[in-house]
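So the structure is just underneath, and the comments pick up after that.
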């Protein structure tokens, strides 16, 4: 199992109201919440991106597993396609369970790690299995300063790393698994985030996102 630290870019906004999700979870929006310490913590969205930064990500759910050795054969010397981990931005909302409650100023939520489970879609039932990914994070988010406000946070994570890309490629070319053309198969990624409050209470929240893996052209 591959483990790595994740470089984080955090954008913290103080907004009125709260986006998406429910206490029991909503599979159609991919949003699942946890109630902890008088707060509701929701993962409202997972947005994959590639070959960008968290400041200006190139959002795409198409994960490239086949690096092109020469993007421009007309040029002298090989011009290889950029090939790296596929990232994602995870979005969270934290709000009080009771909108009229007073939130102590020292209350905070700490995200410590996450796991990603990959499941082949029904139209890709013969796709190669992708091993679970586990990543670590160190993200502390202060609770809203009052019951009438929510705190929204976004942070970058590793979505599909290089070892899983290479294994997918090798599995496809081995002939043991099927694909839809151009090596493409469709998956659902279930991302579970684990954390605690500053008083030590544990929680987890879940986000889902659909994506495709195969031979995509990201030559620049």
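Any read-out appearing in this document is the output of simple, stated calculations on the displayed coordinates, not a laboratory observation. On a predicted model such as this, the values are computed, not experimentally measured, just so you know. A quick note on method: Cβ atoms are made from the backbone with ideal geometry, for glycine too, and the neighbour counts reach across all protein chains shown.
Tabulated values for the structure
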{"item": "Full-extension gain in nm, residue 138 to residue 112, via 0.36 nm per residue minus C-alpha separation", "result": "8.8 nm"}
{"item": "P(r), alpha carbons of region 78-220 - 10 Å bins starting at zero, rounded %", "result": "10, 33, 26, 17, 11, 3, 0"}
{"item": "Potential lengthening between residue 56 and residue 167 on full extension [0.36 nm per residue; Cα-Cα distance subtracted]", "result": "37.1 nm"}
{"item": "Ordering of 179-185, 63-69 by burial proxy (mean other Cβ atoms within 10 Å per residue, highest first)", "result": "63-69, 179-185"}
{"item": "Over region 118-163, volume per residue of the alpha carbon convex hull, in Å³", "result": "133 Å³"}
